[in-house]
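Step one of this worksheet: look at the structure below.
Just so it is clear, none of the values below were taken in a lab; they were calculated from the coordinates. Quantities reported herein were computed from a predicted structural model and do not represent experimental measurements. Quick reminder, even Gly has a Cβ in these numbers, built from the backbone with ideal geometry, and neighbours come from all protein chains shown.
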Amino acid sequence: MQDCNNMIQTLVWNHFSLGSPESQYRLYVNGYASSNMLLKDLCKNNGRPFSTFDRPDADNCALQLRTGWWYNYCTDTLPTGKYDLCGPYTPPGGFYDGLFYNDWLGRGYSLKYFRMVLAHF
């Protein structure tokens, strides 16, 4: 992740997998192995099905945030959010829909860059 001042944070998980299409591609993460002080916000999404506007979650977060993700009472991390924002902002609709990692800079700060990389070991 990179903020608008080019500060970078990296998070490492030892296990990341997706469930079957029948399970709506449930997310499974564990083995948080990062040495930084950021909390593991992605844990909140563990075991959740992938939701989109046409396959909504129970809280309608996919519709409100206008993007697909593994929602659980919305989310504390959103790498699939709106890319055209950078820095602090207040969304007009009341739902933070930028690229954010809540425990780093908060939902009200949209990141410049957010990348997820999968590697097979």
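A few notes on this one:
- Close amide H contacts of residue 77 (hydrogens built in the peptide plane, cut-off under 5 Å, sequence separation of 5 or more or a different chain): 102.
- Annotation: amide H-H contacts under 5 Å for residue 13 (H modelled 1.01 Å from N, sequence separation of 5 or more, or interchain): 33.
- Residue exposure sequence - 12, 117 - by fewest surrounding Cβ within 10 Å: 117, 12
- Phi angles of region 102-110 translate, via the Karplus equation with coefficients 6.51, -1.76, 1.60 and θ = phi - 60°, into HN-Hα couplings of 3, 7, 9, 10, x, 5, x, 10, 8 Hz per residue; Gly and Pro are given as x.
- Cβ crowding within 10 Å ranks 25, 101, 109 as 25, 109, 101, fewest other Cβ atoms first.
- Using θ = phi - 60° and Karplus 6.51 cos²θ - 1.76 cosθ + 1.60, couplings along region 60-76 (whole Hz; Gly, Pro as x): 6, 5, 4, 6, 5, 8, 6, 7, x, 5, 8, 7, 9, 6, 6, 6, 9
- Annotation: peptides 83-95, 42-54, ranked by per-residue average of other Cβ atoms within 10 Å with the highest first, follow the order 42-54, 83-95.
- On the beta carbon distance between residue 43 and residue 118, with R0 = 25 Å, the FRET formula returns roughly 0.90.
- Per-pair calculated FRET efficiency, R0 = 30 Å: residue 89 and residue 34 via Cβ, rounded to 0.05: 0.70
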